[in-house]
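Presented below is the structure to which this report refers.
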Amino acid sequence: MSDLAARTCTAFRDDAHLASGPLADVALAVKAALEAAPAASILVFDDATGRVVDLDLRGTAAEIAARLAAPTGPADQPGAAPAERGRGRPKLGVVAREVTLLPRHWEWLSAQPGGASQALRRLVEDARRNDGGRSRARQAQEAAYAFISAMAGNREGFEEASRALFAGDAAGFADQSRSWPADIRAYAARLAADAFTQG
């Protein structure tokens, strides 16, 4: 199961906001809406990325909620024995991946206090702190663009609004999206907020 279960989502029925909140809650709202109107056109968006989320709505409400519940560890299961710790570092959410560097980079990293891994973590944290909000702005632009492409791609002002979004022009974005349905406009503005506040 992915970490999407822990994120919040927003559902739209046609051009209108249907539900927002944790994925499981939104999925249940979507299921209820589809039971009431099976031909309804409903899309669910990940609030972090603006991308469409595919939902498996088979089964009862309890089965859907269980399938989409945030993942729990074995210790959270009734009757489960605590996991025995092996050698090495405690589980801190560390993910091992390959990093390719030139020999001089490896030499510099190995000479740093704490070794290469700790030095890389420090470098990443420093870069995140000192990027002036550029990463946050870029993520907001990408999320807002993913959403408006799905919900407003054929609407008046889409191209101009997209250009304003990537230019960081909040007034231009609002002006070019003014003819869009209110709920689409509001959610797009919410996703794009950090794109317009770059430091």
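Taken over the alpha carbons of region 3-68 as equal point scatterers, the Debye sum produces base-10 log I(q)/I(0) values at 0.11, 0.13 Å⁻¹ of -0.21, -0.30.
Look at the alpha carbon pairs under 8 Å that are at least 6 residues apart: their mean separation over the length of region 134-196 gives a relative contact order of 48 percent.
Taken about its Cα centre, region 134-196 carries a charge dipole of roughly 200 debye when the Cβ of each Lys and Arg holds +1 and the Cβ of each Asp and Glu holds -1.
Please compute, over every Cα-Cα pair in region 134-196, the percentage with a separation greater than 16 angstrom.
Values: 561 of 1953 pairs.
Roughly 29 percent, rounded to a whole number.
Readers should treat all values here as calculations from the given coordinates under stated rules, not as data from a laboratory. Just so it is clear, the structure is predicted and the values come from calculations on it, not from any experiment. For neighbour counting, all protein chains shown are included, and Cβ atoms are generated from backbone atoms with ideal geometry for every residue, glycine included.
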